[in-house]
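The values are calculated or read from the model by the stated rules, or taken from the named source; none is laboratory data. No experiment lies behind these values; they were computed from the predicted model shown. Ideal geometry is used to build each Cβ from the backbone, glycine not excepted, and the neighbour counts take in all protein chains shown. The protein model used for the area step is the full one, side chains on, heavy atoms only, and it has no ligands, DNA or RNA in it. Shrake-Rupley method; radii C 1.70, N 1.55, O 1.52, S 1.80 Å.
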Amino acid sequence: YGTDGLMYLSKGVEELYEIDRDKALHDVSLMWKQIHPDDLQDVSESVQYSAKHLSKWENIHRIITPSGSIKYLSSIGIPHKQKDGTIIWDTISMDITERKKAELEANKSSSKLRAFIKSSPIAIYQIDPNGTVTDFWNSAAEQIYGWTKEEVLNNTIPTVTDDSKEEFLEIIEEIRITHKPKQFQVNRKNRYNEDLILEITAGPLFDENDKLTDLLIIANDITELEEYRKTLESALREKEILLQEIHHRVKNNLAIVSGLLQLQKSETNDERLTAIFDQSINRIISIALVHELMYNNDDLSSVDVHAYLEKLIPAISATMQNQKQNVEFDLDVIQYKLNINQAIPLGLLLNELITNSFKYAFNGSGNNKI
């Protein structure tokens, strides 16, 4: 087309604009009328600029066809000034509607994603391998760290100081080598020099040449959670110490009772009474050993059966071997744990079985085994 009107239209233009080619050649306004009202001024100004400077005309605009559909066109025109001063443009227009729709949809999704990131309660920001903040830095990051997006964008992340720079570079290098996201915990200080404990997840972004270009950082402030955990651990440790002390005192008290029974036993020569004392002493020992093992064990809720029997059997034997029986024990018990409500009855049961074995199982041949 030229300043005096259209000079040539291809068949493609007829299909694109949905107009009759002959009518359009005689009336240039048919095409101009299809330009979207919101784009008309920009198209007009760009054409005038191209005519004035004889520069290439490039423009992306919308048209509304007679059927009512909206199309996006990308047009390029090369101007030629004629001898009479008129200007002719050799122009190609391409239908980019689908591409533009895809771009708009992508922009819409990107805007939605940015809205989610901005409102996220967890700090999210993007940095390059040198630690420079390149994007995002949402509201949660501002709240946790104290610096605004304007202050940190295109600057080194302020939490990476001289003291933590080496640690930061080691993490970046590990991510660069493994090509995998990394989750870790760090101690940092915010803008107000307050201590922070952060749980960080760093997700790497690589280009087509497998070069690390950016890292998406998700930072969760767990300072209060860690302080609460330490408080719970301290309270739990105090409880464990208290339970250990209780088991220790119970064991000592049972030892006193056992000692008193030993004294009473020494005052009688009646074999029937002596046997009764031995039986009672063994029962007390079986209970006391449970508390002793719990006192010496980090696990205050259970007793290892194998360790329990290794202590219980010699204690019972010590009181029963006075019958001058040479009894051997073959202990074949796997290591498993029982709680105190199971261990004490088991100890009493085994005490009865072992005691009765000493009393009634052997005939004095000397080859005695339990």
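Observations on the structure shown:
- Normalised convex hull volume, segment 236-311, alpha-carbon set, Å³ per residue: 75 Å³
- Of W32, W137, the order by accessible heavy-atom surface (1.4 Å probe, DNA, RNA and ligands excluded), from most exposed downward, is W32, W137.
- Loop GluC sites (Glu not before Pro), segment 115-221 (other Cβ atoms within 10 Å of the site Cβ: 13 or fewer; DSSP): E194, E208
- Evaluated over the Cα positions of segment 1-141, the convex hull gives a direction-averaged projected area, one quarter of its surface, of 12.6 nm².
- Segment 162-206 - charge dipole about Cα centre, Lys and Arg +1 at Cβ, Asp and Glu -1, debye rounded to 20: 260 debye
- Calculated P(r) tail over 19 Å for segment 10-66, as whole % of Cα pairs: 37 percent
- Rounded to whole Å, sorted largest first: equivalent-ellipsoid semi-axes of segment 109-238, Cα gyration tensor: 26, 18, 15
- Computed in the context of the full set of protein chains, the accessible area of the chain at 1.4 Å probe radius has 52% of its extent on carbon or sulfur.
- Part-to-part distance (alpha-carbon centres) for segment 328-344 and segment 264-317, which is given in Å: 14 Å
- 27 Å Cα-Cα threshold exceeded, pairs from K230/K311; K149/K189; K11/K52; K149/K182: K230/K311; K11/K52
- Positive end of the dipole of the chain (Cβ unit charges, origin at the Cα centre): among I222, Q41, N297, the Cα lying farthest that way belongs to N297.
- q = 0.11 Å⁻¹: log10 I(q)/I(0) that the Debye formula gives for the chain, counting C-alpha atoms only: -0.92
- Neighbourhood charge, 14 Å Cβ-Cβ cut-off, centred on D135 and excluding it, Lys, Arg +1 and Asp, Glu -1: 0
- Accessible surface of I256, taken over heavy atoms with a 1.4 Å probe and every protein chain present, rounds to 100 Å².
- Antiparallel bridges, percent of DSSP beta bridges restricted to the chain (to nearest 5): 95 percent
- Within the shell defined by Cβ-Cβ distances under 15 Å, the residues around K33 carry a net charge of -2, with Lys and Arg each +1 and Asp and Glu each -1.
- Inter-part distance where segment 105-138 and segment 67-87 are each reduced to a Cα centre, Å: 40 Å
- The Cβ shell under 13 Å around I64 holds other residues with a net charge of 0, Lys and Arg each +1, Asp and Glu each -1.
- Dipole moment magnitude, nearest 20 debye, the chain about Cα centre, only Lys, Arg, Asp, Glu C-beta charged: 740 debye
- Taking the longest Cα principal axis of the chain as reference, the axis of helix 97-119 is set at about 40 degrees.
- Per-q log10 I(q)/I(0), segment 136-194, q = 0.17, 0.20, 0.21, 0.23 Å⁻¹ (Debye; single scatterer per alpha-carbon; no solvent): -0.68, -0.91, -0.97, -1.08
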